[in-house]
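The values are calculated or read from the model by the stated rules, or taken from the named source; none is laboratory data. Predicted, not measured: the structure shown is a model, and the values here were computed from it. Methodologically, a virtual Cβ is constructed for each residue, glycine included, from the backbone with ideal geometry; neighbour enumeration extends over all protein chains shown. To get the accessible areas, we keep the full protein, side chains included, count just its heavy atoms, and leave off ligands, DNA and RNA. Shrake-Rupley method; radii C 1.70, N 1.55, O 1.52, S 1.80 Å.
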Amino acid sequence: MPALNSLATRLSLLFALVSTLLLGSIGTYLYHSLTREIAWRDDQMLHGRLERMEALLDDSESIAMLHQRPQLYANMLGNRDSLLWVLDSEGKVLIEVNPSNVPVPTLPMTPSVRFSDMPESIQARLAWHTLEQNGQPLTLVAGKLLNERNQMLAAYRLKLWVALVTGAFLAFLLGWGVSRQGLQPLRRLAEQTNRIDIRQLDRRLNVTGETEEINRLSQGLNRMLGRLEEGFSQLSRHSADMAHELRTPLTNLLGQTQHTLRRERSNLEYRQVLESNIEEYERLSRMIDSLLFLARTESPSSDISKERVDISELVTQLCDYFEGMAEDDNRTLINHTSGSVLANCDLLRTALANLIANALRHGRSGTPIRIYTKNVENQIELHIHNHGPVISPDDLSRVFERFYRCDPARSGVAGSGGLGLAIVRSIAQWHKGDVRVESDVEKGTTFTLLLSINDTH
Amino acid sequence: MRILIVEDEQKTADYLSRGLGESGYAVEVARDGYDAQHYIEECEFDLIILDVMLPGLDGWQLLQLVRQRSQVPVLFLTARDAVEYRVKGLELGADDYLVKPFSFVELLARVRTLLRRSPPREREHFRVADLAMDVLRRRVTRQGERLALTNKEFALLELFLDREGEVLSRTYIASRVWQMNFDSDTNVVEVAVRRLRAKVDDPFPTKLIHTERGMGYVLEDRS
């Protein structure tokens, strides 16, 4: 039922339900109190009547006399609802006031006053007791027909029902109005959010003057918008950078090949063009690999296994790998690492290889590259330190962005197109770690990979 | 040696068949799954190169078909490099896989390895032109003169000698000499080869280590 999906309708239905329960219980309570009260008073009245009757009998010389003056007590009793019997020990009626012709009840003898509802279908209340009159047991029975009382209670019940239904209905209506009014801020919020589309991610929800709950929700939504905007602008920046980076080799390929085909060339020239093309293809291929790699490590669903990795062993292997390159530049790789982490070995190796290659590429000739670990609480910090040109503070915050290059002029065929450090960050984040960089004239440049030792991923 | 190439992409199939043909193999090309099924059922091959995404029967189905009949080596070509695809291929009985785009040199190397099948015997002595290597005694001489090589240089030269005449790609060299199974954009391998050349080739008139630009390196006597 679609109407039930409205918060206002639901709330007003709940209001109505609560009101019905409340009014119903109050009504029931009042009704029963009244019934009990009336019954008690009736009984009192019947009891009084018995006492008066007894007194009358005491005063009169005999039943027979009373019998002759029925007017006396008929007037005394006063209305058509009243019943009165005086019965002897065999149940024979001596005196009777019975305008409605109710059959004479058969009642047990009792010295004290007893009350009972009339058996059978006649609605009447009886009080009776037995007394000695001139050595004869006489049973006095006073009664009252309940028709009038039942009619009154029925009317009262009806009123209660009407009050209940009206109350519930009013509660529903009022609840609906109040809910609609109360939910107005939500409606405004919905209108505001509806106005934000992909081109206006910079818009924020106006939170001034709203209730606390709405305020908190709006703030949460605003923060989400902030993250979306950031991610979105990053994505479009990446796409633009990526298109640029991919176009460069494609332009070379297209231009060079077309130029070569314009006229006949020597075999050597063809060969040179083809060889140059291979280099461009490799560059393209590497870039696609890197992008895929980033996409995979950044995808939250990617399932990559972890194992315990001995850092020292891994760095030794990498030092061994880069040793030739370092020696070529009259440099040394110093390995001062220890400890182990729970990580994906291949990813960690790639990250470290990128950092070492980066240090080799940007460090000054003849200076060593130091790789060392520090244990800080539950984390292991892997530092890769080199001496070289200082990275400016502006660049420091951006070196891990994709396609970002400190020096825009430097974009060699050999490079990964500015993705190396982005890959390092992505790997660090995949391991729930982080990567940092510090650069300073005195101390040189240090890249730090932070990994938690006991990652229970 | 007969090789069946199952590949629906025309250009890929053409260059693969031409390239392998020039390397001395007899090549048949199947352009879709049913074509391939026919070949597999009718003919005997020494190696099957199988693309995964195919019209008709796909690569997985063909692989099962092949495995019901014989133990011929199967090399998978796949554009998807997700681990589960590799694992699935290998579990179904493929012998090796290559992720597109692959270099032809790489493919050729894998084909040769698969066709060799039995693990290559560890050789103890190599001789190419005036270069000699005694693996057990870790001695390398040229024109009878002893060359002092570092461990890595020795390992690299041993790899070249073992694969004499074959073009070895940079990634292959990195994975064999340093156990580095990732495509690094650094010139580590170039540097290592240059340093090896400085000791093995530079002082001598005959050059043995040659650069195949864009493909890799090869050791052979071209004099």
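Can you give the calculated 222 nm mean residue ellipticity of chain A, where each DSSP H run of n ≥ 4 adds -39,500 (n - 2.57) and the sum is split over every residue, rounded to the nearest 500 deg cm²/dmol?
On the way: 11 runs with 247 residues, N = 457.
Estimated from H runs of four or more residues: -19000 deg cm²/dmol.
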Open item on the list: Tell me the angle of helix A:184-194 to the major Cα principal axis of chain A, expressed in degrees between 0 and 90 and rounded to the nearest ten.
Closed with: 30 degrees
Open item on the list: Could you tell me the calculated FRET efficiency between B:Tyr15 and A:Gln317, based on Cβ-Cβ distance and R0 = 51 angstrom, to the nearest 0.05?
Closed with: 0.90
Task: Residue-averaged 222 nm ellipticity for chain B, from DSSP H runs of 4+ at -39500 (n - 2.57), nearest 500 - done: -12000 deg cm²/dmol
TODO: For A:Gln429 and A:Leu153, compute 0.36 nm times the residue count separating them, minus their Cα-Cα distance, and round to one decimal in nm.
DONE: 91.6 nm
- [ ] Could you order A:Lys159, B:Lys199, A:Lys374 so the one with the most accessible surface comes first? Probe is 1.4 Å.
- [x] A:Lys159, A:Lys374, B:Lys199
Task: Relative contact order (%) - criterion: Cα under 8 Å, at least six apart; region: chain B - done: 12 percent
Open item on the list: Quick check: convex hull of the Cα atoms in the protein assembly as shown, volume per residue, rounded to a whole Å³?
Closed with: 357 Å³
Task: Projected label distance in nm at B:Ala26 and A:Asn252, using a 7 Å step from Cα toward the beta-carbon - done: 4.3 nm
Open item on the list: At 7 Å along Cα-to-Cβ for each site, give me the label-to-label distance between B:Lys199 and B:Asn187 in nm.
Closed with: 2.1 nm
Open item on the list: Once ligands and nucleic acids are excluded and a 1.4 Å probe is used, how much of A:Phe169 is accessible, expressed in Å² to the nearest 10?
Closed with: 120 Å²
Task: Span from the segment B:135-158 Cα centroid across to the segment B:16-54 one, whole angstrom - done: 41 Å
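What FRET efficiency would be calculated for the residue pair A:Lys92, A:Val165, taking the C-beta separation as r and a Förster radius of 56 Å, to the nearest 0.05?
Details: r = 53 Å, r/R0 = 0.95.
Computed FRET efficiency for A:Lys92 and A:Val165: 0.55.
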- [ ] Set Lys and Arg Cβ to +1 and Asp and Glu Cβ to -1, take the dipole of the protein assembly as shown about its Cα centre, and tell me which of A:Leu201, A:Met118, A:Leu87 lies farthest positive.
- [x] A:Leu201
Open item on the list: I need the calculated FRET efficiency for the pair A:Ile196 and A:His244, taking r as the beta carbon distance and R₀ as 25 Å, to the nearest 0.05.
Closed with: 0.25
Task: Beta bridges per DSSP with both ends in chain B, % antiparallel, nearest 5 - done: 50 percent
Task: Reduced Cα scattering model of segment B:127-184, Debye log10 I(q)/I(0), q = 0.28 Å⁻¹ - done: -1.17
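With both partners inside the protein assembly as shown, how many of the DSSP beta bridges are antiparallel, as a percent to the nearest 5? Display every interim value, and only then the final one.
Values: 66 of 87 bridges.
Antiparallel: roughly 75 percent of the beta bridges in the protein assembly as shown.
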Task: Subset of A:Lys306/B:Lys100; B:Lys152/B:Lys199; A:Lys374/B:Lys152; B:Lys11/B:Lys100 violating a 20 Å alpha-carbon distance limit - done: A:Lys306/B:Lys100; A:Lys374/B:Lys152
- [ ] Report relative contact order for chain A in percent, whole number only (criteria: Cα-Cα under 8 Å, sequence separation at least 6).
- [x] 11 percent
Task: Shape category assigned to segment B:11-69 from the gyration tensor of Cα positions, a/c cut at 1.5 - done: oblate
